[in-house]
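Nothing in this text is a laboratory measurement; each read-out follows from the coordinates by a stated rule. Predicted, not measured: the structure shown is a model, and the values here were computed from it. Using ideal geometry, Cβ is built from the backbone for each residue, glycine included, and neighbour counts are taken over all protein chains shown.
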Amino acid sequence: MAGISSALHTGIPLAAGAASEHRTLIITLFSVFVAATLAITVWAGRQTKDATDFYAGGRSFTGFQNGLAISGDYMSAASFLGIAGAIALYGYDGFLYSIGFLVAWLVALLLVAEPLRNSGRFTMADALAYRLKQRPVRTAAGTSTIVVSIFYLLAQMIGAGALVALLLGASGEGSRRWIIGLVGLVMVLYVTIGGMKGTTWVQIVKAVLLILGTLLITVLVLNKVGWNVSTLLGRAAEESGKGKAFLEPGLLYGKDGTTKLNFISLGLALVLGTAGLPHILIRFYTVPTAKAARKSVNWAIGIIGAFYLMTIALGFGAAALVGSKSITASDPSGNTAAPLLAQEVGGGAGSTGGAVLLAVISAVAFATILAVVAGLTLASSASFAHDLWANVIRKGKTSEKEELLTAKCAAVVIGAVAIALSIFAHRLNAAAVVALAFAVAASANLPTILYSLFWKRFATQGALWSIYGGLISSVGLVIFSPVVSGNEKALFPGMSFDYFPLGNPGLVSIPLGFLLGWLGSLLSEPEPDADAKYAELEVRSLTGHGAH
Amino acid sequence: MDTAPVTTEGPDEPDGPDATATAAPAGVANRFSEVQSSAEFGELRRAQRSFAFPLTLAFVSWYLLYVLLSNYAGDFMGSTVLGNINVAFVLGLAQFLTTFLIAWWYSRHAAAKLDPKAEALRARLEAGE
């Protein structure tokens with residue numbers, strides 16, 4: 001678990017020697033990206049006038065645009081660098097990740113996207129609190145939004161700091177802090193100036209760059225093996241030194257009964273987590289109708305699916321052409337596989353083609369981290385301002401202007417918190433952090449989303465039990481897992497309180513979240529007006545009547 | 001579903017900025033209950049649920065079956081299909097294929113069976129305002 005997850009989620013290309021020669025090119029390309037996206041942000045900022053503009057981009061995006069933006073939000077450095085690295089080192093077991101991440105989108109498409117779009121306004125909590133007691137449910141949903149987003153954010157920031165520092169060769173503690181601060185600042189600028197409109201365009205630009213970069217490498221790899229996938233797989237198996245086992249399941253998770261259970265747990269968290277990720281859910285509000293929300297998920301499934309199919313070429317290509325020895329020599333968890341492969345298919349180390357491709361792919365990786373981080377900051381600051389501040393603390397007696405100012409301040413604070421945490425915790429295992437975000441989303445958010453949309457008897461107590469129970473059990477089980485202590489790869493290798501054997505809590509905490517939601521509802525009085533309120537929600541969520 | 005009894009009780013916090021969104025006055029709630037118990041709405045709900053729920057159950061089971069096969073049926077997954085391509089690889093690609101197909105199938109169903117019904121009901125609701 002620790003191996004593949006850190007490969008997946010830290011995102012640290014360590015092409016130290018090769019990269020240092022071409023720093024100027026990388027810095028130039030990245031600066032162009034930052035300058036262009038900041039210009040877009042300023043332009044979007046000028047058009048951002050009210051709360052709907054700031055939180056939901058004026059609901060003015062088309063299904064296709066939002067589909068691209070969703071893909072941009074979803075395909076993090078974890079997918080690009082991590083899955084490629086995991087496949088390059090562990091073969092088939094790495095590929096299993098791509099599948100879970102993609103299939104998960106069907107839950108969002110079939111059950112969540114359209115009714116959520118019709119019944120919510122700005123945040124995930126809007127839809128959850130719809131027919132329950134506003135304040136306690138908003139407090140719970142807002143809290144879990146912020147917890148999920150901050151953990152996700154922290155993982156990206158750790159990756160960003162390490163990526164920047166290593167590629168620029170600035171490995172000293174001072175420069176790392178300086179760079180993390182700079183990344184945090186750019187991200188806060190995106191959000192506070194551009195709001196959802198600016199952030200969405202950043203995602204769109206980034207998604208296009210990432211797809212084009214991946215496509216280029218894929219074409220070059222396939223060209224090298226005569227466009228024959230079987231040849232590619234054969235060479236990868238041969239170079240890996242593991243033979244046929246490299247192409248079969250089990251290299252990473254097949255060790256014993258516990259690792260197999262852990263794999264089921266992880267698979268469950270991945271497939272059920274996506275439809276509960278707040279920064280993904282609020283993207284459905286950026287389009288005008290439920291039909292457009294459906295269209296955007298369809299585009300996202302197409303784009304993300306194509307991208308994950310290309311990770312096969314990236315991963316097995318790196319195994320075949322770069323070789324696992326060179327990959328592990330550069331980075332033990334394989335995160336540099338994609339940049340190294342880019343260098344290789346560009347003409348090899350030392351060649352101009354290799355240098356250019358390495359720089360391009362590294363700049364794309366930067367862009368990816370920056371965009372995902374901005375999306376997360378927006379989701380959590382929006383939830384703070386709209387749910388916790390406006391509706392809970394000020395009990396609705398606030399002006400829109402004050403709410404937006406609060407959101408911008410919250411973005412600055414959340415950015416600062418992320419920067420501070422990653423400075424003090426940059427040794428933290430980013431893998432644990434992202435796996436936790438998915439498991440928490442599936443345990444704390446998904447049950448309440450589904451119950452509130454489809455179950456009339458669902459009550460406030462059920463929502464609170466489910467959200468807090470899912471939140472506490474998933475976070476708690478990770479604390480007592482081997483990710484945090486008990487072995488040399490753990491966060492605290494010197495300590496030992498790993499009482500829970502699985503690295504991912506999903507197998508326990510997700511069913512618990514659903515059970516608590518059901519039990520909590522049945523053990524409380526039905527909501528006053530339950531029938532009338534459910535009628536309203538059901539009619540509105542299915543017909544789109546009165547949707548914002 | 002049965003017709004909801006109309007109460008005159010207001011929602012618990014009518015003063016929030018979302019008050020209009022989250023809490024309709026009793027008269028309006030009454031209309032929602034009427035629509036909810038209408039035959040047309042029943043058809044729309046049935047068309048949505050009878051499609052989405054079984055399909056969700058199916059693809060989640062198919063995905064879990066795939067995860068379990070990867071875990072516990074290594075020999076089967078490793079058997080050759082063509083060249084270096086084995087059953088595991090083919091089943092993995094099949095997961096991609098079924099995901100694309102289900103997305104396409106659902107969208108076709110929604111456009112043909114859900115959207116016209118939803119639009120008709122919405123028009124009726126909006127005309128009543």
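Things worth noting here:
- Taking every Cα-Cα distance in the stretch A:429-501 and sorting them into 10 Å bins from zero, the calculated P(r) comes out as 21, 39, 23, 13, 4 percent.
- Positive-pole candidate from B:N86, B:L114, B:L125, dipole of the stretch B:52-127, charges at beta carbon: B:L125
- On Cα atoms only, tilt of A:506-522 relative to the major axis of chain A in degrees: 0
- Helix A:460-479 axis, angle to chain A major axis (alpha carbon atoms, nearest 10°): 30
- Descending Cα extents along the principal axes, the stretch A:23-103, whole Å: 50, 39, 18
- When the convex hull of its Cα atoms is viewed from all sides, the stretch B:63-129 shows a mean projected area of 6.5 nm².
- Other protein chain Cβ atoms within 10 Å, averaged over every residue that makes up A:104-112: 5
- Partner chain coverage, peptide B:77-90 - average Cβ within 10 angstrom: 5
- Segments B:105-118, A:135-148, A:369-382, A:181-194 sorted - mean Cβ within 10 Å per residue, highest first: A:369-382, A:135-148, A:181-194, B:105-118
- Ordering A:S265, A:W227, A:G198 by the projection of their Cα atoms onto the charge dipole of the stretch A:195-299, which places +1 on the Cβ of Lys and Arg and -1 on the Cβ of Asp and Glu, puts A:G198 at the extreme positive end.
- Inter-part distance where the stretch A:50-122 and the stretch B:53-90 are each reduced to a Cα centre, Å: 24
- Taking the charge dipole of the protein assembly as shown about its Cα centre, with +1 at Lys and Arg Cβ atoms and -1 at Asp and Glu Cβ atoms, the residue from A:T377, A:M75, B:L64 reaching farthest to the positive side is A:M75.
- The mean count of C-beta atoms from other chains within 10 Å of the C-beta of residues in B:116-123, rounded to a whole number, is 4.
- With K and R counted +1 and D and E -1, the other residues having a Cβ less than 14 Å from that of A:D53 yield a net charge of +4.
- Cα gyration tensor category, rounded, prolate or oblate, for the protein assembly as shown with a/c compared to 1.5: prolate
- Using Cβ point charges alone (K and R +1, D and E -1), the dipole size of chain A about the Cα centre works out to roughly 760 debye.
- Extents of the stretch A:395-539, taken as max minus min of Cα coordinates on every principal axis and listed largest first, are 56, 41, 21 Å.
- Alpha-carbon centroids, the stretch A:509-545 and the stretch A:236-314: separation in whole Å: 30
- Within-13-Å neighbourhood charge of B:A73 [Cβ basis; K, R +1; D, E -1]: -1
- Helix A:430-440 and the longest principal axis of the C-alpha atoms of chain A enclose an angle of approximately 30°.
- Using a Förster distance of 56 Å, the FRET efficiency for A:T352-B:K113 (Cβ separation, nearest 0.05): 0.45
- Residues whose amide H lies under 5 Å from that of B:N86, counting only those 5 or more places away or on a different chain, are B:V81; hydrogens are built 1.01 Å from N in the peptide plane.
- 19 Å Cα-Cα threshold exceeded, pairs from A:K197/A:K408; A:K133/A:K397; A:K295/A:K456; A:K197/A:K401; A:K291/B:K117; A:K295/B:K113: A:K295/A:K456
- Spatial separation of Cα centroids for the stretch A:471-508 and the stretch A:390-419, in angstrom: 33
- Sequence-ordered 3J(HN,Hα) estimates for the stretch A:535-546 from the Karplus curve with 6.51, -1.76 and 1.60 and θ = phi - 60° stand at 4, 5, 4, 5, 5, 5, 5, 8, 9, x, 5, x Hz, glycine and proline given as x.
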